[in-house]
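Working notes, structure below.
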Amino acid sequence: MTKKYKAVLFDYDGTLVDTNQLIVDSWNHMYMKHFGRRLTGDDVKWTFGIVLREAVDRQMQIFGHTGYDLDELVESYREFQFRPDTTPAPPFEGMTELVKELKARGTLLGIVTSRGRETCIQGLKKYGMADCFDAFVTAESTNIHKPLPEPALICCRELGVEPQDAVMIGDSVFDLQCANAAGCGSCFVTWSYATSLETALEHGKPTHVAKTPEDILALV
């Protein structure tokens, strides 16, 4: 029998909300502004799930850039997402309905993301989901990030549940490793852009695999 959980912790990017193209566009905005070139999706999808500042710093090293101002690069990335003509990325099909149904059933809901709080809340408000969540653990919440367990543990504490009574839903190995290390259940979504199912099974070892939002609903 599948374990039933009291709380569901959602990753934001690539799990709940389809920010894949927005992330690629933000990288390209930064790269065109500072280096006069564009990147491909393959150049940046390894950064999905990593805190932005760390991702930018590592990307500079990969491409051999020197003498850069990390703060300026990060700000250039973020400014694209705050432009008036940039619409917050939409939820994946069925995810808004899933979140609202979970809330209606009395399930405790949390966000555990490496994204900054402001754009996370902005996106959830845009699509009517912000009030459904009881806890938000974002990039500003801790200096210890996925794949270490701290983000999931903080969320469980804020929700008032034991880790074993929570399941974390994610699209990356980092999400799964974070959940497993915290003692939570872990659930990989197969609509991931950044991670194949084979990679997730080998390196993330999820407790569950969700092919549809209904598969997540079955966990509570």
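Right, residue 148: out of contact with any strand residue (DSSP E or B) (no Cβ under 8 Å at 6 or more places or on another chain), surrounded by fewer than 19 Cβ atoms within 10 Å (Cβ to Cβ) and either at pLDDT 95 or above or assigned to a loop (DSSP other than H, G, I, E, B) (or both) or not?
Yes; evaluated as a whole, the condition is true for this residue.
Here are the criteria: (1) within 24 Å of residue 55 (Cα to Cα); (2) out of contact with any helix residue (DSSP H, G or I) (no Cβ under 8 Å at 6 or more places or on another chain); (3) part of a helix (DSSP H, G or I); (4) modelled with pLDDT of 95 or more. Tell me which single one residue 177 does not satisfy.
(2)
Being more than 21 Å from residue 18 (Cα to Cα), in a helix (DSSP H, G or I) and in the same structural domain as residue 32 (by TED's automatic domain parsing) is true for just one of 54, 140. Which residue is that?
When all the criteria are applied, what remains is 54.
Are any residues in the stretch 89-127 modelled with pLDDT under 95, part of a loop (DSSP other than H, G, I, E, B) and among the polar types (S, T, N, Q), and if so, which ones?
114
Where residues in the stretch 174-212 are crowded, with 23+ Cβ neighbours inside 10 Å and β-branched (Val, Ile, Thr), which of them is farthest from residue 153 (Cα to Cα)?
For the stretch 174-212, the residue satisfying everything is 195.
Any residue at all in the stretch 58-70 that is within 22 Å of the chain's Cα centre (by Cα), not in a helix (DSSP H, G or I) and not assigned by TED's automatic domain parsing to the domain that holds residue 140?
Within the stretch 58-70, none of the residues are within 22 Å of the chain's Cα centre (by Cα), not in a helix (DSSP H, G or I) and not assigned by TED's automatic domain parsing to the domain that holds residue 140.
Among residues belonging to the stretch 71-86 that are in contact (Cβ under 8 Å) with a residue 12 or more places away in the chain and assigned to a loop (DSSP other than H, G, I, E, B), point out the one that is surrounded by the fewest Cβ atoms within 10 Å (Cβ to Cβ).
82
The values are calculated or read from the model by the stated rules, or taken from the named source; none is laboratory data. No experiment lies behind these values; they were computed from the predicted model shown. Please note: Cβ atoms are built from the backbone with ideal geometry, for glycine as well, and neighbour counts cover all protein chains shown.
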